[in-house]
Amino acid sequence: PKDPNPQWRRVAWSHDCTLLAYAESSGTVRVFDLMGSELLVISPTASFPGDLSYAIAGLIFLEYKASAQWSAELLVVNYRGELRSYLVSGTNQSFQESHSFSFSSHYPHGITAVIYHPGHRKKLGFLAFMSRVANFGESVVLASLAARAVLCEWQLLLEAEHFENGASPFDRLLLVGGCETDEDGVSKAAGCGISAWRILSGSPHYKQVTSYEDDVRIAQRRGLLRIMNLRFYSRRGTEQDGVFKMNLSPDGALLAAIHFSGKLTIWSIPSLRQQGEWDQTAQPGYDELNPDWRLSSEKRKKIKDKESYYPLIDVKWWADNSVILARCSGALTVSSVKTLRNLLGKTCEWFESSPQVTSAHDGGFLSLECEMKLVPKRLRLESRPGDEDEGEDDSDSDDETSAKDRYFSYLKQGLYFVTEMERFAPPRKRPRTIMKNFRLVSLRSTTPEELYQRKIDNEEYGEALSLAQTYGLDSDLVYQRQWRKSAVNVASIQDYLSKIKKRAWVLHECLERVPENVDAAKKLLQYGLKGTDLEALVAIGKGEDGGRFILPGEVDIEIPYEDLLSPDEEMDTRKEKEAKKRQELLLSVNFSKLTLEQKELCRSRLKLLTYLDRLETYEEILGGPHAAEQHYDGEFFKKFRNQNIVLSARTYARESNVRALEILFTFHGSALLPHRQAILSNFPETTSPHEYALLLPEA
């Protein structure tokens, strides 16, 4: 059934994950199996509509092995502090009340949270004891002495670590949270509203864990003195703090608690000694607000009441020494329990307001958030005439209404109340339409490399580059993705391709990618040629390149270039010096002993020169550079630049394209003229020889 107060519901799994208990805000508990079938319904003993004190504060499954008839024991604790234990059976679809208990004598205002702590280190001490005794062999005297020594040692260890307040590591505990108390002489945990209760096998079933000193203080405060103490020292007129939420660390050694005041406390278990305490103002980043709120007029209103977004709303554990903290503002951090330093970095993760989180599991955790938006006016249904829209008016719009308008509004309301005439009826307000989007987000622990790749896949290039800079990752991956997703032009070559360092990758792109316009195609080929010039060849031979794409002037090759570019020299002199230095570079290369990388560079350069030569030929065929801008076809050029030039000439002859064939003979005569007659014989018989007479040989 639909619950009017869904935030007061609870769910709990059985220890073997075969049963799921679900508690409604009314206190009704329903138990389901894995197929979603409702097995049984446990109704509350008393409940009143709208009274949320009967809602469930704790829903806990315990193992039950006393009888095979029952699958598990289910503890149901409401906010009034009333506990009821039920034995449930999934196979028989039945339940039976086992016992009941009330925490009201210790929490007169009710409880706020209950969590279960299974005992730990069970039998470890006894197993160690037995193994130590067995090592002494069959001697009764030695075994007796060894047993006494080991028992003393074990007892001292347990007393030092776990027996401070009467709880041993063997005990199963219920940790209960409620309002704080101002009684004198109570422990720090009890004063903050936290207590531990040992689960007993028989009546009274639950016993509060206390130390000997606590018992003495309780005995001394009995009677009239305690009553007077409570009356004289109770705080009046001040808000009473208390526990809002609690959560156990994965190893069960620490308890994290959020208080109504926004305070965060850490306690050791089972001693309930405080390990850390941070008031709200002492917590790092407590007053940070989502920067996106300033961009939205609707969310900008939240900044006016920003103090209400400071408190913590949820706490879970990331590891034994770090907690997951979620705030009403939507800020989420993973913080150290010693310093509360954010382990995620300088900034927190932002969610919608008041997210709920789970404890970490398998290197990640889940966060549930709800985004609420007012539906724009234009998307709402047409209203009746006279309807007034509440819409997205600011909350302080009433202040802007003039006193005169308010006076007439009140007068009309009074007349309508007296006369009930429709003409005085106030306009009907159209209800707001709110759209809610619920999201379940997974946050996972990842390596910088995995996060880096994920940022690239999500096209978050700015954050990816920041990660690359922080962790020393290869920034080429970012620019490679941007290059491949963008059209090839002068801007993309400058912004992306020029920032990629890998020579093999850049040359591959220059050779394989064919742009959609002629200018970009020329620029791409020319950029590739710059990286295959003499400087790169010399640097590869000296082993100074490191696989980088080297442009002229990037590598010191012991030949000064500063004097070549002096503005005071004449152009001719500079060209002569440049040619001279280039000749020196050529002489420094032994072309008979090139390395494999140098040979590959030369092959790439030859191919780039061939492509550039074919591009110039294609431009002439299209009618020159200006005509080529309009008629350039990237797909045709991709085929044309790799095609045998004789085959291209034969194709133009069969198409009777005399001008194209003339240009090919002009620019590629050395390859085509030996086959001139064979090529010309491919003109169709229907083409007049007068049209291609200039291509025929003349006596």
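Of note, LEU609 satisfies the criterion of being closer than 30 Å to VAL538 by Cα, within 60 Å of the chain's Cα centre (by Cα) and part of a helix (DSSP H, G or I). Out of all the residues in the stretch 228-242, is one or more modelled with pLDDT of 85 or more and surrounded by fewer than 19 Cβ atoms within 10 Å (Cβ to Cβ)? Yes, some residue in the stretch 228-242 is modelled with pLDDT of 85 or more and surrounded by fewer than 19 Cβ atoms within 10 Å (Cβ to Cβ). Kindly evaluate GLY553 against the criterion of being in contact with an Asp or Glu (Cβ under 9 Å, 6 or more places away or on another chain), surrounded by fewer than 16 Cβ atoms within 10 Å (Cβ to Cβ), at pLDDT below 90 and of a type in the set (Gly, Ala, Ser). Here the answer is yes, as GLY553 does meet what is asked. Counting only residues that are in a helix (DSSP H, G or I) and among the polar types (S, T, N, Q), the stretch 477-495 holds 4 of them. Report whether or not LEU615 is over 19 Å from ALA520 (Cβ atoms) and either out of contact with any Gly (no Cβ under 8 Å at 6 or more places or on another chain) or loosely packed, with under 12 Cβ neighbours inside 10 Å (or both). When the stated conditions are applied, LEU615 does not pass them. Any idea which residue in the stretch 407-458 is surrounded by the most Cβ atoms within 10 Å (Cβ to Cβ), counting only those that are of a type in the set (Phe, Trp, Tyr) and without any contact (Cβ under 8 Å) to a residue 40 or more places away in the chain? The qualifying residue surrounded by the most Cβ atoms within 10 Å (Cβ to Cβ) is TYR452. A count restricted to the stretch 442-475 and to residues that are under 24 Å from TRP318 (Cβ atoms) and either touching a Lys or Arg at 6+ places or on another chain (Cβ under 8 Å) or assigned to a helix (DSSP H, G or I) (or both) stands at 14. Cβ-Cβ distances below 9 Å connect the following pairs, each with a first residue in the stretch 580-604 that is part of a helix (DSSP H, G or I) and exposed (fewer than 12 other Cβ atoms within 10 Å of the Cβ), a second residue that is modelled with pLDDT of 85 or more and not charged (D, E, K, R), and a separation of six or more residues or different chains: PHE591/GLN598; PHE591/CYS602.
One line per residue, one yes/no per condition, for (1) open to solvent by 30 Å² or more (accessible area, probe 1.4 Å); (2) among the polar types (S, T, N, Q); (3) in a helix (DSSP H, G or I); (4) under 25 Å from PRO448 (Cβ atoms):
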residue: GLY252; (1), (2), (3), (4): no, no, no, no
residue: ILE266; (1), (2), (3), (4): no, no, no, no
residue: GLN275; (1), (2), (3), (4): yes, yes, no, no
residue: THR281; (1), (2), (3), (4): yes, yes, yes, no
residue: VAL334; (1), (2), (3), (4): no, no, no, yes
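The values are calculated or read from the model by the stated rules, or taken from the named source; none is laboratory data. Owing to the predicted nature of the structure, the values given are computational and were not obtained by experimental measurement. All Cβ positions, glycine included, derive from the backbone under ideal geometry; neighbour counts span all protein chains shown. Note: areas computed on protein heavy atoms with side chains; ligands, DNA, RNA excluded. Shrake-Rupley method; radii C 1.70, N 1.55, O 1.52, S 1.80 Å.
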